[in-house]
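Below is one structure, written out as structure tokens; comments come after it.
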Amino acid sequence: MTSTNADLPLKHVPGHIKHDGHNLTGFIIFLCSESIIFLAFFVGYALLKITSPEWLPEGVEGLETRMPLINTVILVSSSFVAYFAEVYLHKENLWGFRALWLLTMAMGSYFVYGQYVEWSELAFSLSSGVFGGTFYLLTGFHGLHVITGILLMGLMLARSFRPYNYAKGEMGVTAVSLFWHFVDVIWIILYVLIYVWQRTS
Amino acid sequence: MTSTRKAPKKRLPLRLLAVILISTALDAAMSFQVSRWAYGWLPVPASTAAPYVDDLFSLEVGIGAFVFIGCVGFIIWSLLFSRAEKYDESDGLPIEGNTKLEITWTVIPFVIVMALAFYSIQVNEKLASLGPKQKYDVALNQSPDAVATLDARRDIGPIEVISRQWSWEFVYPDGVRSSELHLPLNQRANFLLISKDVLHSFYIPAFRLKQDIIPGSVISYSITPTREGRFRLRDAMFSGAYFSNNQTDVIVESEEAYDSWLTQTAKRPLVQGLSPGTPLYEKRLKDGDRGWATVPPAPPPMVNDPGNPEAPHDA
Amino acid sequence: MTTTKYDPRVLKAPHPVPGAPDNWKRFFSFNTDAKVIGIQYIGLSLFFLLVGGLLAMVMRGELITPPADLVDPSVYNGLYTMHGTVMLFLFLFPVLNGFNNLLIPTMIGAPDMAFPKLNAAAFWLVPVFAVVLLSSFFIPGGPASSGWWSYPPVSIQNPLGHLINGEFLWILAVAISGVSSIMGAINFVTTIIRMRAPGMGFFKMPVFVWTAWAAQTLQLIGLPALTGGAIMLLFDLSFGTSFFRPEGGGDPVLYQHFFWFYSHPAVYVMVLPVFGIFSEVITVYSRKPLFGYKFVALASFIITFLGLIVWVHHMFYTGTPQWMRNLVMITTMLIAVPTGVKVFAWLGTLWGAKIRLTTPMLFVLGGLVNFIFGGITGVMLGTVPIDIHVGNTYFVVAHFHYIIFNTIGFGIFAGIYHWFPKFTGRMYYEGLGKIHFTLTFIGATLNWLPLHWAGLYGMPRRVASYDPEFALWNVIASIGAFMLGVASIPFILNIVSSWARGAKAPANPWRAIGLEWLLPSPPPAENFEDDIPTVISEPYGYGLGKPLVEDEEFYVRRSMEA
Ligand code: HEA
Ligand code: HEA
Ligand code: CUA
Ligand SMILES: [Cu+2]
């Protein structure tokens, strides 16, 4: 509640100016809510993994972890890159921002590509019992978020070229980079749940 | 809180106190009566568990009636004595609250419901000792009795209760199969609840017993019947088109009658058992398969005793 | 959040308000004015009350005799599934969002919602998923028919094997409905947090705003879990996964956790705003401040919190371990405490009041009586040993209709009558309103009171046929239900005719205290426009003689001139 400004000379507060700055509030509320879908999936995954009488489908030994680890490192570092892109934007260094922002997008795209390669090499499918189902559901749902994030970043990048759009772009950039950090944190949890925690039966 | 017009401060007048006392006593008397009636709102109690449930129910009806009659009585009283006259435009007493009163009516319900909860937990534990219930996950190729631990204090059993869309089948330890459940009086019977397709629920109102049956698991459950008679066994978890017909009877009989039924039935050949959905589905097909989609009924189970669905039941 | 850099153009630009205020066509357009959207929501949802009611009439027709003679059992199953779904997702949630749209901005003195376009988009998703849901009546195999819970495995059996089947459309519709509700919830919460008039601290907000906030918070927490469960169900149904299929190692009970983690809190999403309506209406027609306003306001969030940790009470007999049953029994019973605080506060408000039995007040008092009854049967259901007997019987059905129709429905009727003059600018007909109330109260009682006994004697719910010993209760219930159908006639008549030719409503016909009553009837598109009042008092200052806002005469004068 900062927008009810005491220094306004008016006796009654005009209606319109109060609209500013709600977008981020709304977006944060949205992210909190969105995180609960993931939470639901995580809890469901963990419960199935603990209680299911059978876990690994016939002929599957477990998951390869090296490739995904590289992927993880790249995705997590992209979060830092995005952060520095934002710093540049605050310093009004538009080209610096664009460069790092593009790098973030590239790293995100690499992650998606890596995921694609991993998927295409797996010996099980969506319908291979709970194991297959949960694996593709979780990684796929997360992957969709990564792709959304990349598209949103593209949008922000394009916007940065529009003149006089600086203030709006900044708000959007804050929101998108929040989203990106969110997607990263989700991935870390996912990585631990799916790859680090092994169940071999 | 600063208000320009303070409500006049007054002590509880004696008259009011008397009214409150009398109406509380009246309320209590009425609720007590209602709690007596509550026993009659349930089917005959026919298991060792039933009396505990009924007592608890009666208690809750009593408390509930007390709260309900008290609140509604107050509303009626207000409607009688606090109505505005037709052209009276004035305001009521500007009371904004009373912290003491508010705390009171937070604490009292808190105490009531907690007492109720702890009493119910006790009943719960009692019921669990009368008929323990344990759920075990089974994989596709495992047999139920290999997975489940049986109730060590059972007198008879384990009786396999196999539920399907839409039939019940009871398999006794010596291999007798029946469409109706026969139980000896006052003997603790242990069941293994099994579903072959979707969720069902094993519900015998007279026993105050209900347990969902979950495909992919087997549930070991015990009960001791205490009254002879023929009682309804109903599927109580929606299981598809002919769900409402998925009912059969439980026959509680003396030990001798039970034993002779068991030996007699063992000699009978296997016949098609009760499958109430089957004739209905056949009729539907004959009438041109109108209606909305449904899976066909499972084939009727093959049993030694197909039962007598027309017999009148006690509860 | 600092918002120092204002774009000066925003201040000068006239706010885009499509459609003149008297133009009825705006109700059929993509309008971003919260008051238009509010009326759109309420109008549409009342239409779906009729649809859901019509389905209920057929069901009660079927149930008036023991055998399944009116419709095939498979049809009955589809009917009750669609009845529950239509009533909840197309009637109840939309109608409450209608109230949120009308009341939140006007009550907190905001010009509009925080995100007007999002708001309109959320509304227009309602007809979209309505079409998706209702079109399932016309596809081969018929609509979803495994209950509004849609429990697997029965819900994923897909007898015909088609990709597009009733269940598929049902899940799709529920998912779109979830998206729409989330969009709404983000909007409402942001608006409440950020757009209150100056001086309107949290403890100066009307209780309706508190309850709407508490309810929408539940939506934000609960809906995603349902969505997660729905996605998994859809995959099981259509794409061969086995999250809930035992054959593939899945667990059908897991779905129940997802479902109830949302759908239990959902009942408080539905009832909380009605508690708000109760608080607004009781104070006006008692002409008294709300007894213990702060307690009542805060109790909403206590209910929100407790509401999130009791969902397992819908699963007492699914093989839940004893410790969990005991724990959830305690939390379930605890909800009686904050709820009791509210009930007693309303009763306290009646003490020494000057009660006027107008139609809204009648509906609120009737609803309150029914709520106490339904709440008490709720506590009984929360008791494990009793729930084991009556769970999944008509006792449950009677319990929740006592709340969902006999309380919430009543509250909604009360709200519609009470704010009708404000938002349409016309007075309703009091006589017709009272006929509506009388028929509804008698019909609702006949309909739902007897069915408690049917349940206690062991009549399961969701049955197309039943044993003859339950016939008497069901005959009475069906007669009551048909009376409810008749009761909708004076209601519709009242709304339509008074909107078309009722007397012009003054700005504040009930002499009520609240920001919305300082606005003209109907309020202009931007509510207070460029003169947002500064709030100086708590709400409901009846008899206290304090002005609600600074410069109150200015607003009163202006509202009457319009
Ligand atoms: C829509 C609103 C709504 C509301 C507000 C409630 C409120 C409550 N409900 Fe209800 N309920 C439903 C809608 C609602 N319910 C629906 C739709 C279902 C079935 C869904 C389905 O299966 O399809 C259901 C089912 C349901 C069940 C599951 C039954 C079963 O399937 O086996 C249970 C079990 O615990 C339950 C309990 C409660 C409790 C304890 C409350 C409490 O919140 C009530 C609290 C209120 C009071 C207690 C009254 C006021 C308090 C006082 C006057 C204080 C003093 C009181 C005492 C000391 C007791 N409800
Ligand atoms: C908001 C929620 C809501 C509301 C308001 C209602 C209102 C009613 N409900 Fe419903 N009901 C549910 C939500 C609701 N219900 C849910 C969630 C279920 C569970 C489903 C499940 O098990 O999956 C259920 C289940 C349910 C059952 C149990 C089905 C079963 O288990 O087999 C029954 C049976 O009697 C029933 C009846 C009624 C009746 C008679 C009304 C009456 O109050 C309706 C009154 C009707 C009107 C006021 C409208 C009048 C309109 C007309 C008469 C038509 C005229 C038409 C035109 C003019 C076009 N409902
Ligand atoms: Cu911006 Cu109104
Ligand atoms: Cu609940």
Output for Cβ contacts, cut-off 8 Å, separation at least six or different chains, first residue at the interface with another protein chain (Cβ under 7 Å from one of its Cβ atoms) and at positive phi in region B:229-242, second buried (at least 24 other Cβ atoms within 10 Å of the Cβ) and of a type outside the set (Gly, Ala, Ser), reads B:GLY240/B:GLN165; B:GLY240/B:TRP166; B:GLY240/B:VAL198; B:GLY240/B:THR294; B:GLY240/C:ASN77; B:GLY240/C:VAL154
Condition check for C:ASN158: within 15 Å of ligand 2 (Cβ to nearest atom), within 14 Å of chain B (Cβ to nearest Cβ) and not hydroxyl-bearing (Ser, Thr, Tyr): no
Exactly one of C:ASN326, C:ASN392 is free of Cβ contacts under 8 Å to residues at least 60 places away in the same chain, of a type in the set (S, T, N, Q), under 30 Å from B:LEU42 (Cα atoms) and within 9 Å of chain B (Cβ to nearest Cβ), and that one is C:ASN326
Checked C:GLY391, C:GLY319, C:GLY382 against criteria (within 16 Å of ligand 2 (Cβ to nearest atom) and within 25 Å of C:GLY147 (Cα to Cα)); the one match is C:GLY391
Looking across region A:114-137 at residues that are touching a helix residue (DSSP H, G or I) at 6+ places or on another chain (Cβ under 6 Å) and within 11 Å of chain C (Cβ to nearest Cβ), the single one that is surrounded by the fewest Cβ atoms within 10 Å (Cβ to Cβ) is A:SER125
Of the listed residues (C:THR320, C:THR339), the one being on the phi < 0 side of the Ramachandran plot, modelled with pLDDT of 95 or more, more than 8 Å from every other protein chain (Cβ to nearest Cβ) and within 16 Å of ligand 4 (Cβ to nearest atom) is C:THR339
Over region B:243-287, the set of residues surrounded by 20 or more Cβ atoms within 10 Å (Cβ to Cβ), hydrophobic (A, V, I, L, M, F, W, C) and away from every other protein chain (no Cβ under 14 Å) is B:ILE251, B:VAL252, B:LEU274
Residues of region B:128-160 being in contact with a strand residue (DSSP E or B) (Cβ under 9 Å, 6 or more places away or on another chain) and assigned to a helix (DSSP H, G or I), in sequence order, are B:LEU130, B:PRO144, B:ASP145, B:VAL147
Checking C:THR283, C:THR320 in turn, the sole residue that is more than 22 Å from C:PHE363 (Cβ to Cβ) and not charged (D, E, K, R) turns out to be C:THR320
Pairing a residue in region C:231-256 that is part of a helix (DSSP H, G or I) with any residue that is of a type in the set (Ser, Thr, Tyr), where Cβ atoms lie under 6 Å and the two sit 6 or more apart in sequence or on different chains, gives C:PHE235/C:THR241; C:GLY248/C:SER242; C:VAL253/C:THR318
>> Against the condition at pLDDT below 90, closer than 30 Å to C:PHE554 by Cβ and more than 16 Å from ligand 2 (Cβ to nearest atom), how does A:ILE17 come out, does it pass?
In response: yes
Discussion item. Among the residues of region A:100-113, are any assigned to a helix (DSSP H, G or I), in contact with a helix residue (DSSP H, G or I) (Cβ under 8 Å, 6 or more places away or on another chain), more than 14 Å from chain C (Cβ to nearest Cβ) and closer than 30 Å to A:ILE50 by Cα?
Written reply: yes
Q) Does C:VAL312 satisfy the condition of being under 26 Å from the mean Cα position of the chain (by Cα) and more than 10 Å from chain B (Cβ to nearest Cβ)? A) yes
Of the listed residues (C:VAL132, C:VAL179), the one being modelled with pLDDT of 95 or more and outside any loop (DSSP other than H, G, I, E, B) is C:VAL132
Result of the Cβ filter at 6 Å on region C:361-378, keeping first residues that are over 18 Å from C:GLU280 (Cβ atoms) and partners that are of a type in the set (A, V, I, L, M), at least 6 apart or interchain, is C:VAL369/B:VAL72; C:GLY374/C:ILE403
- Task: Can you confirm whether region B:290-313 contains a residue that is within 22 Å of the chain's Cα centre (by Cα) and surrounded by 14 or more Cβ atoms within 10 Å (Cβ to Cβ)?
- Result: yes
In region C:96-148, anything away from chain B (no Cβ under 14 Å), among the small types (Gly, Ala, Ser) and under 25 Å from C:LEU234 (Cβ atoms) is listed as C:ALA121, C:ALA122, C:ALA130, C:SER135
With the first residue restricted to region B:117-137 and required to be within 7 Å of chain C (Cβ to nearest Cβ), and the second required to be part of a helix (DSSP H, G or I) and surrounded by fewer than 21 Cβ atoms within 10 Å (Cβ to Cβ), Cβ contacts under 7 Å at 6 or more apart or on different chains are B:ALA117/C:ILE330; B:ILE121/C:ASN326; B:VAL123/B:TYR52; B:ASN124/C:GLN322; B:ASN124/C:ASN326; B:LEU127/B:TYR52; B:ALA128/C:GLN322
>> So for region B:160-172 (the condition being charged (D, E, K, R), buried (at least 22 other Cβ atoms within 10 Å of the Cβ) and within 14 Å of chain C (Cβ to nearest Cβ)), does at least one residue qualify?
In response: yes
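Let's see how each residue does on (1) within 21 Å of C:LEU79 (Cα to Cα); (2) part of a loop (DSSP other than H, G, I, E, B); (3) acidic (Asp, Glu):
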site	(1), (2), (3)
B:TYR203	no, no, no
B:ARG230	no, no, no
B:MET237	yes, yes, no
B:VAL250	no, no, no
B:TRP261	no, no, no
B:THR265	no, no, no
B:LEU280	yes, no, no
B:ASP289	yes, yes, yes
B:PRO309	no, yes, no
Restricting region C:349-367 to residues that are assigned to a helix (DSSP H, G or I) and either facing another protein chain (nearest Cβ under 7 Å) or more than 30 Å from B:THR99 (Cα to Cα) (or both), the one nearest to the chain's Cα centre (by Cα) turns out to be C:LEU365
When region C:188-211 is checked residue by residue, the ones that are of a type in the set (A, V, I, L, M), within 11 Å of another protein chain (Cβ to nearest Cβ) and under 14 Å from C:SER537 (Cβ atoms) are C:ALA197, C:MET200
Among the residues of region C:482-499, the number that are hydroxyl-bearing (Ser, Thr, Tyr) and within 8 Å of ligand 2 (Cβ to nearest atom) is 1
B:SER163 meets each of (1) more than 18 Å from B:SER47 (Cβ to Cβ); (2) not in a strand (DSSP E or B) with one exception, condition (2)
Within region C:224-283, of all residues that are under 14 Å from the mean Cα position of the chain (by Cα) and among the hydroxyl-bearing types (Ser, Thr, Tyr), the one nearest to the other protein chains (Cβ to nearest Cβ) is C:SER263
For region C:454-477, pairs from a residue that is over 17 Å from B:THR248 (Cβ atoms) and more than 7 Å from every other protein chain (Cβ to nearest Cβ) to a residue that is assigned to a helix (DSSP H, G or I) and among the charged types (D, E, K, R), with Cβ under 8 Å and 6 or more apart or across chains, are C:ALA477/C:ARG60
C:THR304 fails exactly one of (1) more than 9 Å from chain B (Cβ to nearest Cβ); (2) closer than 30 Å to B:PRO215 by Cα; (3) within 16 Å of ligand 4 (Cβ to nearest atom), namely (2)
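The values are calculated or read from the model by the stated rules, or taken from the named source; none is laboratory data. These figures come from a predicted structure and were not determined experimentally. Don't worry about glycine lacking a Cβ; one is built from the backbone with ideal geometry, like all the others, and counts go over all protein chains shown.
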